[in-house]
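The values are calculated or read from the model by the stated rules, or taken from the named source; none is laboratory data. Note that the coordinates shown come from a computational prediction; the quantities given were computed from them, not determined experimentally. Reconstructed Cβ throughout: ideal geometry from the backbone, glycine too, with neighbour counts over all protein chains shown. Accessible surface areas use protein heavy atoms only, side chains included; no ligands, DNA or RNA. Shrake-Rupley method; radii C 1.70, N 1.55, O 1.52, S 1.80 Å.
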Amino acid sequence: MKLVEPILAFQQELQHIRRDLHAHPELCYEEQRTADVVAARLAEWGIPVVRGLGVTGVVGIIKNGNSPRAIGLRADMDALPMQELNTFGHASRHSGKMHACGHDGHTAMLLGAARYLAEHRHFDGTVYLIFQPAEEGGGGAKRMIEDGLFDKYPMEAVYGMHNWPGIPVGQFGVVAGPQMASSNEFRVVVKGKGAHAAQPHRGIDPVMVAVQIAQAWQTIVSREKNPLDTAVLSITQIHAGSATNVIPDEAVMVGTVRTFTTGVLDLIEKRMQEIAGGVAAGFNASIDFEFDRNYPPLVNHARETAFAVEAMKAVVGEANVDTNVEPTMGAEDFAYMLQAKPGCYVFIGNGEGEHRAHGHGLGPCQLHNASYDFNDQLLPIGASYWVRLTEMSLPVA
């Protein structure tokens with residue numbers, strides 16, 4: 001690997017920052033302490049700071065030379081509402097809150113790049129350092145955009161990065177086009193007619209109607225969409241009834257739909273409602289149908305992806321960059337930024353958990369697992385990628 005040497009020199013400082021953030025996790029739009037830490041570090045390195053976009057977001061601005069060109073580098077800051085099982089020294093000090101997705105590491109990597117870029121400035125143009133809140137379900141990226149991120153700070157491209165367990169440390173993965181799926185939720189209330197369980201003919205059983213709808217929905221994925229278009233329709237909860245001898249009035253089904261394209265999502269939402277309504281009517285029942293579109297598909301732009309690949313190769317070598325990484329049905333609100341600006345989102349390998357020598361929980365080192373921990377070996381690798389991406393995007397004439 002060809003890491004940026006000065007970053008290696010302050011790697012321990014980045015580790016200290018990362019572990020401090022891990023020990024003090026904050027949830028969506030509550031990232032006040034985290035934002036304070038970020039802003040203080042940026043100011044310490046002479047970087048102008050803007051706060052308040054997206055409630056708790058932070059934007060650092062590094063300018064050099066005379067070029068009007070600009071790019072954005074984004075890291076997310078929020079934690080998850082879950083209990084950490086790790087017992088090492090930097091484990092969460094706040095019950096029910098945990099950095100189980102590595103946003104502490106993402107923040108530290110971008111801070112590492114910020115320090116180097118501020119001290120050396122081997123680029124011509126402007127770099128916007130975007131520290132975003134509320135990725136975990138809060139839509140912080142959308143909120144920052146609505147607050148004027150791209151209007152106040154014009155940039156030609158925006159880039160993001162996420163650690164990825166299972167990819168070896170020292171490797172990157174990316175793919176042009178869809179890399180992460182849309183995230184959507186549904187809630188359907190089947191309205192029947194309650195009755196004694198011994199007299200089902202006097203009622204309309206919403207449980208049986210719900211079962212029929214659930215089975216019929218699966219044919220949307222298996223028989224109505226193009227088999228080459230990936231989609232997942234998962235019913236994750238069914239709630240009905242309160243006693244063994246009572247047919248309830250209602251049954252409720254909730255779940256999630258994931259797709260890589262808006263067209264497939266449109267088809268699934270439309271057919272879910274039509275099928276549910278039709279099946280219910282066939283049993284003299286009715287439905288209330290709700291479908292909420294959360295995060296859109298994350299789609300990497302071809303030109304910016306090719307550019308990011310060259311920057312990754314400059315850091316870890318061509319053999320360690322997978323340009324056809326398997327897309328994931330997980331979702332990410334950086335998708336909103338890629339809808340507004342060209343850009344690319346990459347995975348950086350977090351390994352298999354071998355870095356957790358002492359004090360980790362019994363679970364695997366997977367995202368959103370109570371035994372997860374970010375691998376500090378990534379800090380200089382990710383920071384070096386940000387630096388090389390900046391220097392290649394905004395070359396000195």
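Within the range 373-396, is there a residue that is of a type in the set (D, E, K, R), within 30 Å of Q15 (Cβ to Cβ) and not in a loop (DSSP other than H, G, I, E, B)?
Quick first cut of the range 373-396, residues of a type in the set (D, E, K, R) only: 373, 376, 388, 391.
So of that shortlist, the ones also within 30 Å of Q15 (Cβ to Cβ) come out as 373, 376, 388, 391.
Subsequent filtering for residues that are not in a loop (DSSP other than H, G, I, E, B) retains 388, 391.
Yes.
So, in the range 267-305, how many residues would count as being open to solvent by less than 70 Å² (accessible area, probe 1.4 Å), assigned to a helix (DSSP H, G or I) and not hydrophobic (A, V, I, L, M, F, W, C)?
7
If you go through the range 20-29 one residue at a time, do you hit one that is open to solvent by 10 Å² or more (accessible area, probe 1.4 Å), in contact with a Leu (Cβ under 7 Å, 6 or more places away or on another chain) and either within 18 Å of H103 (Cα to Cα) or part of a loop (DSSP other than H, G, I, E, B) (or both)?
Step one: filter the range 20-29 for residues open to solvent by 10 Å² or more (accessible area, probe 1.4 Å), giving 20, 24, 26-29.
Right, trim to in contact with a Leu (Cβ under 7 Å, 6 or more places away or on another chain) and you get none.
The answer is no; no qualifying residue exists.
Among the residues in the range 369-388, are any touching a helix residue (DSSP H, G or I) at 6+ places or on another chain (Cβ under 6 Å), surrounded by fewer than 17 Cβ atoms within 10 Å (Cβ to Cβ) and at pLDDT 95 or above?
So far as the range 369-388 goes, no, none of its residues is touching a helix residue (DSSP H, G or I) at 6+ places or on another chain (Cβ under 6 Å), surrounded by fewer than 17 Cβ atoms within 10 Å (Cβ to Cβ) and at pLDDT 95 or above.
Just to be sure I understand the filter: pairs with C-beta atoms under 8 Å, separated by 6 or more residues or on different chains, first member in the range 174-199 and at positive phi, second member aromatic (F, W, Y) and open to solvent by less than 10 Å² (accessible area, probe 1.4 Å). Which pairs pass?
Here the result reads none, with nothing in the range 174-199 linked to a residue that is aromatic (F, W, Y) and open to solvent by less than 10 Å² (accessible area, probe 1.4 Å).
What is the residue count in the range 252-277 for residues that are farther than 20 Å from T328 by Cβ and not β-branched (V, I, T)?
Taking the range 252-277 first, the residues farther than 20 Å from T328 by Cβ are 252-254, 266-267, 269-277.
Subset that is not β-branched (V, I, T): 253, 266-267, 269-274, 276-277.
Count: 11.
How do the pairs read when you match residues in the range 250-263 that are under 10 Å from P297 (Cβ atoms) with residues anywhere that are open to solvent by 30 Å² or more (accessible area, probe 1.4 Å) and in a strand (DSSP E or B), using Cβ under 6 Å and keeping only pairs 6 or more apart or on different chains?
R258/V232; F260/P178
Residues of the range 69-85 being open to solvent by 10 Å² or more (accessible area, probe 1.4 Å) and within 30 Å of L362 (Cβ to Cβ), which ones? Lay out the reasoning, then the answer.
Taking the range 69-85 as the starting set, the residues that turn out to be open to solvent by 10 Å² or more (accessible area, probe 1.4 Å) are 69, 80-85.
L80, P81, M82, Q83, E84, L85 - these are the residues of the range 69-85 that are open to solvent by 10 Å² or more (accessible area, probe 1.4 Å) and within 30 Å of L362 (Cβ to Cβ).
With the requirement that a residue be of a type outside the set (V, I, T) and assigned to a strand (DSSP E or B), what does the range 243-266 give you? Explain how you work it out, then say what you get.
Start the filter on the range 243-266 by keeping residues that are of a type outside the set (V, I, T), which leaves 243, 245, 248-251, 253, 255, 258, 260, 263, 265-266.
Of everything in the range 243-266, those that are of a type outside the set (V, I, T) and assigned to a strand (DSSP E or B) turn out to be E250, A251, M253, G255, R258.
Of I204, I220, which residue is in contact (Cβ under 8 Å) with a residue 40 or more places away in the chain, closer than 17 Å to M272 by Cβ, buried (at least 16 other Cβ atoms within 10 Å of the Cβ) and of a type in the set (V, I, T)? Break it down stepwise before answering.
On the way: I204 fails: closer than 17 Å to M272 by Cβ.
From the options I204, I220, the qualifying one is I220.
So which residues in the range 51-68 are closer than 21 Å to R121 by Cα, surrounded by 18 or more Cβ atoms within 10 Å (Cβ to Cβ) and among the small types (G, A, S)?
Within the range 51-68, just G60 meets the criteria.
Go through the range 308-339 and give me each residue that's farther than 21 Å from H103 by Cβ and either of a type in the set (A, V, I, L, M) or open to solvent by less than 40 Å² (accessible area, probe 1.4 Å) (or both).
Of everything in the range 308-339, those that are farther than 21 Å from H103 by Cβ and either of a type in the set (A, V, I, L, M) or open to solvent by less than 40 Å² (accessible area, probe 1.4 Å) (or both) turn out to be V309, A311, A314, V315, V316, G317, A319, V321.
Limited to the range 145-157, what total is found for residues that are in a loop (DSSP other than H, G, I, E, B) and at negative phi? If you could, list the steps in order and put the result at the bottom.
Filtering the range 145-157 for residues in a loop (DSSP other than H, G, I, E, B) gives 147-148, 153-156.
From what is left, the residues that are at negative phi are 147, 153-156.
Residues in the range 145-157 being in a loop (DSSP other than H, G, I, E, B) and at negative phi: 5 in total.
Determine, yes or no, whether A210 is surrounded by 21 or more Cβ atoms within 10 Å (Cβ to Cβ), within 21 Å of E290 (Cβ to Cβ), among the small types (G, A, S) and touching a strand residue (DSSP E or B) at 6+ places or on another chain (Cβ under 9 Å).
Numbers: surrounded by 21 or more Cβ atoms within 10 Å (Cβ to Cβ): yes; within 21 Å of E290 (Cβ to Cβ): yes; among the small types (G, A, S): yes; touching a strand residue (DSSP E or B) at 6+ places or on another chain (Cβ under 9 Å): yes.
In short, yes.
I'd like to check something: does the range 250-273 contain any residue that is of a type in the set (D, E, K, R), farther than 30 Å from G177 by Cα and out of contact with any helix residue (DSSP H, G or I) (no Cβ under 7 Å at 6 or more places or on another chain)?
no
Conditions (1) open to solvent by 20 Å² or more (accessible area, probe 1.4 Å); (2) part of a loop (DSSP other than H, G, I, E, B); (3) at pLDDT below 95; (4) out of contact with any His (no Cβ under 9 Å at 6 or more places or on another chain), marked per residue:
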position: Y159; (1), (2), (3), (4): no, no, no, yes
position: N163; (1), (2), (3), (4): no, no, no, no
position: I167; (1), (2), (3), (4): yes, yes, no, yes
position: G170; (1), (2), (3), (4): no, yes, no, yes
position: P178; (1), (2), (3), (4): yes, no, no, yes
position: E185; (1), (2), (3), (4): yes, no, no, yes
position: V189; (1), (2), (3), (4): no, no, no, yes
position: A198; (1), (2), (3), (4): yes, yes, no, yes
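Pick from T107, T126: which is open to solvent by less than 10 Å² (accessible area, probe 1.4 Å), among the hydroxyl-bearing types (S, T, Y) and either closer than 25 Å to M329 by Cα or modelled with pLDDT of 95 or more (or both)?
Numbers: T126 fails: open to solvent by less than 10 Å² (accessible area, probe 1.4 Å).
Going through T107, T126 in turn, the sole match is T107.
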